[in-house]
Amino acid sequence: MDVETLIKWVTKEPTEEVLTVERLREYVENGIDLRHYIGFEISGLVHLGTGLLCMQKVADLQKAGIKTSILLADYHSWINKKLGSDLSTIKRVAGGYFKDALKVSLRIVGGDPDNVEFVIGSELYDKIGIEYLTKVVRVSMETSLSRIRRSVTIMGRRMGESLSFAQLLYVPMQVADIFSLNVNIAHGGMDQRKAHVIAIESGLKVGGYIPIALHHHLLTSMNINEKLRESLLDARLSRSREKLEEAVLEAKMSKSRPQGAIFIHDSPDEVRAKIKEAYCPPKQVELNPVLELVKYILFRDRKEPLEVLNRKSGVKSVYNTFDELALDYAKGNLHPLDLKLTVADELSQMLEPAYRHFREGPGRKYLEELKEIQITR
């Protein structure tokens, strides 16, 4: 594959940033094998942002011929007090439900689950031993305490929040993961940027090379409100990265706010109910969570037009691209409820393999186990 085609796969939406495209081109032109990873906390049910958007990018990289890997970050989850801070439970869910959910998601978006390497964090650390600790120390020596504190947003924490000392180790550990896995493409949502920039700046001293950072879009929660939308827009205009990160942290789709998150194994009735209740301001395209689903999920790699039925007139509007639909919506020609019902039906069809797998198939035991764990904690 030629370098420009590879770059198109890497930069394809939902990618929002690559640090840097020039370095990526240099690596390819110099014949350096590209090795990717994305890491996940084991923290509960997998929603569309984790399942579909993250796996879209993994599928793109596979199509570009890049070796892909997924780190199931059990120690990071333990440090960040997920699943009751029970390490044995976290490990069990990592190798069961979470791994299974990512495989199903990757298949839905056209990737190959058999062509991605899954690595359990604790198993990696056991394998390389003192080498990992050495990298954690080297990263820590290259980074100030104040910068680490500013970077805790990568773990869903806010600056100024009370933290344990273990949580301060999270960022150096995440950076050390990159070099311990010997990958040169570190992938995550835009919320992971601060850790990846530290990896870039300390790369030569810690791992002997500078990694490429790949950041994708974060889906907005379905139940944001006008006040939160306005704060996000203000944060964008302020050009303050810290202010924007705080706003995004509050507004992104999160399993901790289940009514604002659509999970990959939600039933058609659950999908419809959540989307019908979703924030979808008339004529507003920017920061509209329903339109985000259309843009990043329904129209991605779509080969046929999207038809939206006007329930009042019975007339169908046909859209070949997201831009066509967005323009019609901005003009007020498309009613929010008509859009919502269409999106719910289309999304339910897309998620049917996950729904069947986890409600009726082999994944049922994993989903029931996780729900039982969450209920009892």
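The values are calculated or read from the model by the stated rules, or taken from the named source; none is laboratory data. Everything numeric in this text was worked out from a predicted model, so none of it was measured. Cβ sites come from the backbone with ideal geometry, for glycine too, and all protein chains shown count toward neighbours.
Restricting attention to the range 56-107, the residues being crowded, with 23+ Cβ neighbours inside 10 Å, among the β-branched types (Val, Ile, Thr) and not in a helix (DSSP H, G or I) number 2.
ALA199 - would you say it is part of a helix (DSSP H, G or I) and either more than 22 Å from LEU133 (Cα to Cα) or hydrophobic (A, V, I, L, M, F, W, C) (or both)? So ALA199 passes the test.
Yes/no per residue for (1) free of Cβ contacts under 8 Å to residues at least 24 places away in the same chain; (2) at positive phi; (3) in the same structural domain as THR11 (by TED's automatic domain parsing); (4) part of a helix (DSSP H, G or I):
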| site | (1), (2), (3), (4) |
| --- | --- |
| VAL248 | no, no, no, yes |
| CYS280 | no, no, no, no |
| LEU291 | no, no, no, yes |
| GLU304 | yes, no, no, no |
| VAL308 | no, no, no, no |
| LEU334 | no, no, no, no |
| ASP338 | no, no, no, yes |
| THR342 | no, no, no, yes |
| LEU347 | no, no, no, yes |
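Cβ-Cβ distances below 6 Å connect the following pairs, each with a first residue in the range 179-203 that is assigned by TED's automatic domain parsing to the domain that holds ILE128, a second residue that is among the hydroxyl-bearing types (Ser, Thr, Tyr) and assigned to a strand (DSSP E or B), and a separation of six or more residues or different chains: LEU181/TYR37; VAL183/TYR37. The residues of the range 137-157 that are of a type outside the set (Gly, Ala, Ser), within 29 Å of ALA101 (Cβ to Cβ) and touching a Leu at 6+ places or on another chain (Cβ under 7 Å), listed by number, are VAL152, THR153, ARG157.
Residue count for the range 209-230, restricted to those that are buried (at least 22 other Cβ atoms within 10 Å of the Cβ), out of contact with any strand residue (DSSP E or B) (no Cβ under 6 Å at 6 or more places or on another chain) and not in a loop (DSSP other than H, G, I, E, B): 1. One residue stands out in the range 15-34 among those that are of a type in the set (Asp, Glu) and surrounded by 13 or more Cβ atoms within 10 Å (Cβ to Cβ): the one that is nearest to ASP2 (Cα to Cα), namely GLU26. The lone criterion from (1) touching a helix residue (DSSP H, G or I) at 6+ places or on another chain (Cβ under 9 Å); (2) on the phi > 0 side of the Ramachandran plot left unmet by GLY129 is number (1). Among the residues of the range 310-328, just one is surrounded by 12 or more Cβ atoms within 10 Å (Cβ to Cβ), within 31 Å of the chain's Cα centre (by Cα) and in a strand (DSSP E or B), namely TYR319.
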